[in-house]
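So the structure is just underneath, and the comments pick up after that.
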Amino acid sequence: MSDFSLETLYPQIKLWLEEDDLTRNFHYTRFLSRSEVKLYLKIKSPLILAGGDYFAAVFSALGADVGHFEFLRNWDGKGFQSGEVIEIPRAIPFNIAVTGERLALNLLQHASSIATWTKKHVEIASKKNIKLLDTRKTTPGMRSLEKYAVRVGGGFNHRLGQTDTWMIKDNHKACLGGLEGAYIFFQKQGAFYNNIIAEIHDLKELKLAQALGIQHVMLDNFSPDLINSAVQMKTAGMNYEVSGGVKLENLESFLIEGVDAISMGALIYSAPRVDLSLKFKPI
């Protein structure tokens, strides 16, 4: 039976496999042994596993039975310690294993790194019931994987794309007539279900946003003291998102009553790499 969710990944995986340029040496791949090997994932640093679908899809796209990896696909979010070994129960042909090894491992490692890093932040922010969001500061071509990994780590996604919800940023304000002009522009888009988020840079602008009826504001590069002042101005129905200057080391200082969410591009682009490897054993 085909797996639609994995088949949707195949076009992207084909492009990634082309980076290895295997078609240039057809005879190398032609003569690779098809004898079966067992696969072992060796965990070399503590991590939260993420990206099982992508790992499985690489080998499935090359011809392996996706059922061999079903258990791994259901383990996203599971924690592992250094020294643990995950055995893939059923063997696959060596030619498939060696062709997909690096890509599958790279995707699993990248996703697990982000999930593990996100989890560290979520464990702190959850003390005040504040949601942690990612941003669109993602690696081109990897947004789906990276934002999925944030969710596995307990975080939440902001926008997958620019039109998911309208967000008034500083460049919109600079070119569309300030906050009010940009707000009117997005209202005229006629997208009934699209909310409008306004990036706010000072308390004066916050007052204008309230006067315009904007309910979701992103307090951009506000200090904790300025956030406290903004919270005193918060009215019923408003959502406060904090962004800019927030790091793991200072996250606690931004956990202020009245803040609903904190968005951090660093959940993705600053995630330290976890360490794992994939080993084969002939049978």
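Only residues that are crowded, with 17+ Cβ neighbours inside 10 Å and modelled with pLDDT under 95 were counted in the range 137-158, giving 0.
Exactly one residue out of Phe185, Phe222 is among the aromatic types (Phe, Trp, Tyr), buried (at least 19 other Cβ atoms within 10 Å of the Cβ) and either out of contact with any Gly (no Cβ under 9 Å at 6 or more places or on another chain) or not in a strand (DSSP E or B) (or both): that is Phe222.
From the residues in the range 125-136 that are on the phi < 0 side of the Ramachandran plot and not aliphatic (A, V, I, L, M), which one is surrounded by the most Cβ atoms within 10 Å (Cβ to Cβ)? The residue in question is Asp134. The set of residues in the range 213-233 that are touching a strand residue (DSSP E or B) at 6+ places or on another chain (Cβ under 8 Å) and under 19 Å from Tyr183 (Cβ atoms) comprises Ile214, Gln215, His216, Val217, Met218, Leu219, Asp220, Ala230.
The condition (being of a type in the set (Asp, Glu) and either touching a Leu at 6+ places or on another chain (Cβ under 8 Å) or within 21 Å of Gly153 (Cβ to Cβ) (or both)) is satisfied by just one residue among Glu18, Glu36, Glu7, Glu101: Glu101. Here is a check on your reading of the model: is Glu180 in the same structural domain as Val259 (by TED's automatic domain parsing), touching a Ser or Thr at 6+ places or on another chain (Cβ under 6 Å) and over 16 Å from Ile262 (Cβ atoms)? For Glu180, the condition - in the same structural domain as Val259 (by TED's automatic domain parsing), touching a Ser or Thr at 6+ places or on another chain (Cβ under 6 Å) and over 16 Å from Ile262 (Cβ atoms) - is not met.
Rundown of residues vs (1) crowded, with 17+ Cβ neighbours inside 10 Å; (2) touching a residue at least 12 places away in the same chain (Cβ under 8 Å), yes/no style:
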| site | (1), (2) |
| --- | --- |
| Leu160 | no, yes |
| Gly190 | no, no |
| Tyr193 | no, no |
| Met218 | yes, yes |
| Ala271 | yes, yes |
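Residue-level check: of (1) out of contact with any Pro (no Cβ under 8 Å at 6 or more places or on another chain); (2) more than 30 Å from Val37 (Cβ to Cβ); (3) modelled with pLDDT of 95 or more, Arg273 misses just (2). Taken over the range 75-113, the criterion of being more than 18 Å from the chain's Cα centre (by Cα), surrounded by fewer than 21 Cβ atoms within 10 Å (Cβ to Cβ) and in a loop (DSSP other than H, G, I, E, B) is satisfied by Gln81, Ser82, Gly83, Glu84, Pro89, Arg90, Ala91. Residues of the range 123-147 that are more than 13 Å from Ile268 (Cβ to Cβ) and in a loop (DSSP other than H, G, I, E, B): Asn129, Ile130, Gly141. Is there a residue being in a helix (DSSP H, G or I) and β-branched (Val, Ile, Thr) anywhere in the range 32-44? The answer is no, given that none of the residues of the range 32-44 is in a helix (DSSP H, G or I) and β-branched (Val, Ile, Thr). Among the residues of the range 14-60, write down those that are at pLDDT 95 or above and among the small types (Gly, Ala, Ser). If the condition is that a residue be at pLDDT 95 or above and among the small types (Gly, Ala, Ser), then Ser35, Ser45, Ala50, Gly51, Gly52, Ala56, Ala57, Ser60 are the ones that fit.
Scanning the range 49-94 for residues that are more than 16 Å from Gly153 (Cα to Cα) and of a type in the set (D, E, K, R) yields Asp65, Glu70, Glu84, Glu87, Arg90.
The values are calculated or read from the model by the stated rules, or taken from the named source; none is laboratory data. No experiment lies behind these values; they were computed from the predicted model shown. FYI the Cβ positions are ideal-geometry reconstructions off the backbone, even for glycines, and counts take in every protein chain you see.
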